[in-house]
1. Would you pick out the residues in the range 4-24 that are closer than 17 Å to residue 73 by Cβ and among the polar types (S, T, N, Q)?
2. Of all residues in the range 86-109, which are part of a loop (DSSP other than H, G, I, E, B), modelled with pLDDT of 95 or more and more than 15 Å from the chain's Cα centre (by Cα)?
3. Select from the range 32-85 the residues that are closer than 17 Å to residue 105 by Cα, assigned to a loop (DSSP other than H, G, I, E, B) and either at pLDDT below 95 or open to solvent by 30 Å² or more (accessible area, probe 1.4 Å) (or both) and list them in ascending order.
4. I need a count of the residues in the range 8-26 that are open to solvent by 40 Å² or more (accessible area, probe 1.4 Å) and either in a loop (DSSP other than H, G, I, E, B) or modelled with pLDDT under 95 (or both).
5. Please pick out the residue among 49, 91 that is over 25 Å from residue 1 (Cβ atoms) and touching a residue at least 12 places away in the same chain (Cβ under 8 Å).
Amino acid sequence: QVQLVESGGGLVQPGGSLRLSCAASGSIFRVNAMGWHRQAPGKQRELVAAITSSSSTNYADSVQGRFTISRDNAKNMVYLQMNSLKPEDTAVYYCSYADTYYSSYYAWSSWGQGTQVTVSS
């Protein structure tokens, strides 16, 4: 079992930036993927970005060029740098973990509690 704890959410004006962090602990496989998902009110949860233990990344079209996912394997941390934020980025952001993945398919098996990101003037 892997435990995930997110931090770094908050209120930001349009065009601003935020950095989300996620700390992972527990039975972490050496080869794995970690990701960030988000869920806005009335919408389905969607994958925002993912990164494998070999640092291969995958982004949703809606955030490509604005968001950057990164990780520190030694610290079991994953980060999401969000720039040029838009009101439509408002959502609860969840950290996730997968010990099985193939190409752009990830078998997410653990989730954090989520952190609220609100983009508003």
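1. 21
2. Within the range 86-109, just 86 meets the criteria.
3. 32, 45, 53, 54, 55, 56, 61 - these are the residues of the range 32-85 that are closer than 17 Å to residue 105 by Cα, assigned to a loop (DSSP other than H, G, I, E, B) and either at pLDDT below 95 or open to solvent by 30 Å² or more (accessible area, probe 1.4 Å) (or both).
4. 6
5. 91
The values are calculated or read from the model by the stated rules, or taken from the named source; none is laboratory data. All values reported here derive from a predicted model rather than from experimental measurement. Cβ sites come from the backbone with ideal geometry, for glycine too, and all protein chains shown count toward neighbours. With ligands, DNA and RNA removed, areas are computed over all heavy atoms of the protein, side chains included. Shrake-Rupley method; radii C 1.70, N 1.55, O 1.52, S 1.80 Å.
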